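Structure first, commentary second.
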Amino acid sequence: MTERDGRTEATNGEPSAERPPSDGSPESPDRRRALGYAGAAALAGTGLAGAWYVSRPDPAPDIGNESDPDDDDASDLGEEEAPADAPDEVPAVVDRYAPDLYFGALEKWYPTDPRPYVVETDNGPVVDGFTALDEYSAAFREAGSPPAPTVFYNVVEAAPGVDAVQYWLYSAFDQFTVNFHWHDWELLQVFVDRESGDPLLLSASAHSRASPNNEFLDPEIPEGSRPGILAEVGSHSSASEVNGLVPSFERLPIDDLVSDVTNDAIDVSAAVRAPFAYGLPRDEGARLPFVLPELDGVPLHEHPSLSIERTDLIDERVTVGSWRGLPAPPEAVPLREPGLVIAHPDSAVDADATYALEPLAPLRDEIDDFVGPQLSFEFAIPGFVEDALASHITSVGIPWEQERFADPLSDVTDPAHRRRIDGAEPDGLADRVVGRLRQLRAGTAGALDGVASGAADAVADVASVSLVPLSTELAVRLASEDPTATVTRGGVFEYLRVEPGPHHLVANGPGLAPIAARFTHDGGLVRVGDGELAAVAVEDAGWIRGDARETDGVERVRVVEDYAGVVYDGEPVETDRFAVAVHRDGRYTVEVVDREGKRGAYRVTPDSFDENGEAVREGIRTGKAALARTLRGELDELYALASALRSDDDDDDAADVPENGTDEERDRERERDTIDPVLDGIARAREAAAGAVDAAESGAERAADDRLSASISSLWEVRDAFVTDDRAGYTDGAVAAIDSKALAGIDRANAAIDAAL
């Protein structure tokens with residue numbers, strides 16, 4: 001499945017059932033002709049036996065393997081014209097790099113020849129989606145093996161001295177997580193040095209044009225071996241198998257093995273660095289739930305216009321019927337397991353079947369279009385009042401109508417790889433959007449990003465929620481002028497060629513409350529939510545909703561859990577209103593910035609949620625009073641934390657009293673023992689913050705600032721207590737936990753001092 005293969009759109013209206021017929025006129029600018037490059041004798045010194053062919057743009061009405069005898073380029077290169085009636089012979093370079101194909105055990109639609117499913121219409125011969133799915137499924141059931149395995153080839157000059165050998169794979173249907181559609185064309189490109197015949201780059205088509213391909217620079221493919229292609233179940237997105245550990249995909253090197261991609265590594269967030277490549281999610285341990293496709297509100301296997309069976313679709317064990325109907329993510333989605341291997345007839349691998357290797361050009365004369373009614377996936381978008389729905393539609397594309405058919409370098413997605421081939425640095429390859437999603441769950445088994453290093457164990461009995469890896473991956477939709485969707489792998493999502501301007505990112509998963517964030521892309525790398533977003537199970541979700549329409553509006557929202565850390569950071573999903581799903585057991589500070597750039601904040605605790613799990617704040621306010629009030633609430637939590645972490649070593653007070661001391665000395669010693677400078681300092685800071693609130697609410701700005709300064713002084717005394725020899729009686733972990741939050745309190749108080757009333 002690939003959105004490169006067509007168009008995507010989001011609409012609330014009815015999409016057309018068929019796309020218009022393609023222009024098959026001889027004058028169509030994407031018509032190509034094949035030129036025979038140097039003959040076998042000329043290639044004798046290159047290690048390649050025989051000639052290969054290269055497609056080039058040509059506005060002339062030449063079709064197929066015809067060439068213009070007056071073509072200056074051909075004469076300059078000393079090329080011989082291929083006779084019009086020459087028999088089809090697979091060029092040597094095409095035969096050499098024809099890949100071995102590795103599929104998952106649950107795959108249903110293997111690469112085949114679409115021509116048996118052509119029907120005649122008033123608009124010419126088309127491949128009909130109903131016909132292809134019905135007849136392919138019936139043939140598969142009857143034979144018990146893939147019908148007519150076929151790989152099509154095309155060769156294109158990519159750059160001076162470099163040719164792209166294209167291997168196109170057609171499947172009758174695409175069923176995946178974020179979409180499904182009739183017909184599916186996938187592509188592997190092998191960029192070859194024309195003189196030496198050596199491979200320079202492998203580029204395997206990923207999820208969409210907006211997703212980075214899986215690419216490998218300077219692959220070593222010894223004689224007797226071939227590139228391996230690992231196909232994603234249902235969607236057929238692919239990755240090259242290079243390191244010899246088949247049939248599995250490795251994003252990162254393992255021991256002495258290289259990874260299966262050489263895409264550049266980027267910092268997705270402060271904690272995650274990963275290659276900028278789509279990968280092969282299910283093969284990387286991702287539990288990726290599929291969706292059961294429907295047409296006219298009816299599952300495809302029950303639709304009256306089709307005769308397929310439920311077993312003709314992706315296995316029920318990995319299919320989730322209704323994502324929004326589950327209270328929690330499914331835990332038992334099976335991982336990918338290796339399945340059939342389909343190889344070139346001359347391949348040395350132990351294959352279950354072999355494929356026919358055929359030229360793509362004849363299909364252009366025999367097929368005018370690939371048609372079928374639109375199918376869509378609906379994304380839920382959280383709103384202040386209720387969720388909205390957006391349909392994500394992916395249309396089928398025809399290879400010869402795609403940009404990469406004539407310009408193979410347009411489908412190279414890594415900047416360094418592109419420079420290696422032709423020295424170019426196209427706009428868009430560096431315009432990226434990334435992030436990671438984790439689940440906010442009860443307990444402290446996960447990450448506590450909101451506490452200092454070394455403090456996690458100390459707060460384990462105090463914290464109530466933590467961030468854990470996703471149990472199932474999510475679908476992520478980037479809505480802009482040209483919407484596109486992808487899935488997470490290990491929680492990570494990556495987009496490229498992101499246009500400048502405002503964007504709306506939405507993440508959905510089965511049994512998870514929807515997530516949405518708005519952001520503006522000004523070029524380069526953008527990390528949504530500073531690279532980290534949090535999801536929560538429907539059964540655990542509480543909704544923090546804010547409405548600032550009647551006050552000064554809201555331009556940005558940041559939600560921070562006391563111990564888990566930042567769970568949301570972005571522009572509101574609606575103008576001046578926001579809705580963020582959080583775990584109801586957590587304790588949060590909601591930070592806002594209004595239209596004038598003024599800051600505000602407020603606290604949300606488990607007691608803030610009503611019986612419906614809603615914590616609604618009407619009239620969001622910014623300024624000194626709001627920040628002082630938040631500081632007071634945060635210091636309440638800090639006092640509770642310090643009380644819980646205080647060492648209890650006062651069981652034998654008498655041991656600390658001088659043996660021959662007077663009663664007065666003993667009293668003073670006991671009094672000194674009972675005074676905890678940390679708790680005392682926090683208590684005084686809290687009292688001063690409460691005074692600042694009263695002063696700010698009454699309009700006494702200077703008095704409020706004085707009280708805030710007193711709060712800061714008390715918090716510095718808390719920090720000073722930790723640099724004494726006995727660290728005020730607290731453990732190292734407790735000191736790390738309390739000190740970082742005392743510093744955060746100082747920052748909050750300073751922000752309040754700087755804020756206007």
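Which condition from (1) hydrophobic (A, V, I, L, M, F, W, C); (2) surrounded by 24 or more Cβ atoms within 10 Å (Cβ to Cβ); (3) within 20 Å of residue 382 (Cα to Cα) is the one that residue 564 breaks? Every listed condition holds for residue 564 apart from (3). Given the condition touching a residue at least 60 places away in the same chain (Cβ under 8 Å), surrounded by fewer than 19 Cβ atoms within 10 Å (Cβ to Cβ), within 17 Å of the chain's Cα centre (by Cα) and part of a loop (DSSP other than H, G, I, E, B), answer yes or no: does some residue in the stretch 412-424 qualify? No.
Could you count how many residues in the stretch 599-636 are of a type in the set (Lys, Arg) and under 20 Å from residue 568 (Cβ atoms)? Outline the logic, then answer.
Here is the first cut: in the stretch 599-636, the ones of a type in the set (Lys, Arg) are 599, 603, 617, 621, 624, 629, 632.
Next, only the ones that are under 20 Å from residue 568 (Cβ atoms) stay: 599, 603, 617, 621.
Residues meeting the conditions: 4.
In the set 184, 267, only one residue is among the acidic types (Asp, Glu), crowded, with 21+ Cβ neighbours inside 10 Å and touching a residue at least 12 places away in the same chain (Cβ under 8 Å); that residue is 184.
Take the residues in the stretch 288-316 that are among the charged types (D, E, K, R) and closer than 14 Å to residue 234 by Cα, then tell me which one is farthest from the chain's Cα centre (by Cα). Only one residue fits best here, namely 312. Scanning the stretch 496-527 for residues that are within 16 Å of residue 323 (Cα to Cα), part of a strand (DSSP E or B) and not small (Gly, Ala, Ser) yields 506, 508, 512, 515. State whether one or more residues within the stretch 557-571 are modelled with pLDDT under 95, more than 19 Å from residue 268 (Cα to Cα) and either in contact with a Ser or Thr (Cβ under 7 Å, 6 or more places away or on another chain) or not assigned by TED's automatic domain parsing to the domain that holds residue 270 (or both). The answer is yes, given that some residue of the stretch 557-571 is modelled with pLDDT under 95, more than 19 Å from residue 268 (Cα to Cα) and either in contact with a Ser or Thr (Cβ under 7 Å, 6 or more places away or on another chain) or not assigned by TED's automatic domain parsing to the domain that holds residue 270 (or both).
Taking the numbered list (1) assigned to a strand (DSSP E or B); (2) closer than 19 Å to residue 190 by Cα in turn, residue 226 passes all entries but (1).
Filter the stretch 134-152 down to the residues that are part of a helix (DSSP H, G or I) and crowded, with 24+ Cβ neighbours inside 10 Å and list them by number. Can you show your working first?
To start, the set of residues in the stretch 134-152 that are part of a helix (DSSP H, G or I) comprises 134-143.
Across the stretch 134-152, the qualifying residue is only 136.
Looking at the stretch 621-634, is at least one residue at pLDDT below 95 and under 35 Å from the mean Cα position of the chain (by Cα)? Within the stretch 621-634, one or more residues are at pLDDT below 95 and under 35 Å from the mean Cα position of the chain (by Cα).
Tell me whether the stretch 626-636 contains one or more residues that are surrounded by 18 or more Cβ atoms within 10 Å (Cβ to Cβ), touching a His at 6+ places or on another chain (Cβ under 8 Å), outside any loop (DSSP other than H, G, I, E, B) and in contact (Cβ under 8 Å) with a residue 12 or more places away in the chain. No, the stretch 626-636 contains no residue that is surrounded by 18 or more Cβ atoms within 10 Å (Cβ to Cβ), touching a His at 6+ places or on another chain (Cβ under 8 Å), outside any loop (DSSP other than H, G, I, E, B) and in contact (Cβ under 8 Å) with a residue 12 or more places away in the chain. Note on the stretch 153-199: residues that are under 30 Å from residue 507 (Cα atoms), assigned to a strand (DSSP E or B) and not aliphatic (A, V, I, L, M) total 12.
Being modelled with pLDDT under 90, closer than 23 Å to residue 162 by Cα, out of contact with any helix residue (DSSP H, G or I) (no Cβ under 7 Å at 6 or more places or on another chain) and among the aliphatic types (A, V, I, L, M) is the requirement here; does residue 246 meet it?
Criteria not met by residue 246.
Inspect the stretch 427-443 for any residue being among the hydrophobic types (A, V, I, L, M, F, W, C) and closer than 30 Å to residue 362 by Cα and give the result as yes or no. Looking for residues that are among the hydrophobic types (A, V, I, L, M, F, W, C) and closer than 30 Å to residue 362 by Cα, one finds none in the stretch 427-443, hence no. Could you tell me whether residue 244 is at positive phi and over 29 Å from the mean Cα position of the chain (by Cα)? Criteria not met by residue 244.
Starting from residues that are over 17 Å from the mean Cα position of the chain (by Cα) and outside any loop (DSSP other than H, G, I, E, B), keep the ones in the stretch 205-223 and report whichever is surrounded by the most Cβ atoms within 10 Å (Cβ to Cβ). Give the steps one after another, and end with the answer.
Pass one, the stretch 205-223, residues over 17 Å from the mean Cα position of the chain (by Cα): 215-223.
Within this subset, residues satisfying the condition of being outside any loop (DSSP other than H, G, I, E, B) are 215-217.
Details: 215: 30, 216: 26, 217: 18.
Top of the filtered list is 215.
Can you pull out every residue in the stretch 345-362 that is surrounded by 13 or more Cβ atoms within 10 Å (Cβ to Cβ) and out of contact with any Phe, Trp or Tyr (no Cβ under 7 Å at 6 or more places or on another chain)? Let's see the steps before the verdict.
Step one: list which residues in the stretch 345-362 are surrounded by 13 or more Cβ atoms within 10 Å (Cβ to Cβ), which gives 347, 349, 351-362.
Passing the criteria: 347, 349, 351, 352, 353, 354, 355, 356, 361, 362.
Identify, from the list 574, 550, 532, the residue that is within 29 Å of residue 322 (Cβ to Cβ), in the same structural domain as residue 596 (by TED's automatic domain parsing) and surrounded by fewer than 21 Cβ atoms within 10 Å (Cβ to Cβ).
It is 574.
Considering 639, 588, 568, the condition of being in contact with a Gly (Cβ under 9 Å, 6 or more places away or on another chain) and among the aromatic types (Phe, Trp, Tyr) is satisfied by 568 alone.
Scanning the stretch 587-625 for residues that are within 14 Å of residue 557 (Cβ to Cβ) and in a helix (DSSP H, G or I) yields a total of 0.
Restricted to the stretch 710-738, and to residues that are out of contact with any helix residue (DSSP H, G or I) (no Cβ under 6 Å at 6 or more places or on another chain) and part of a helix (DSSP H, G or I), which residue is surrounded by the most Cβ atoms within 10 Å (Cβ to Cβ)?
Per the stated criteria, the residue is 737.
The values are calculated or read from the model by the stated rules, or taken from the named source; none is laboratory data. What you are looking at is a predicted structure, and each value in this text was computed from that prediction instead of being measured. Positions of Cβ are generated from backbone atoms using ideal geometry, with glycine treated the same way; all protein chains shown enter the neighbour counts.
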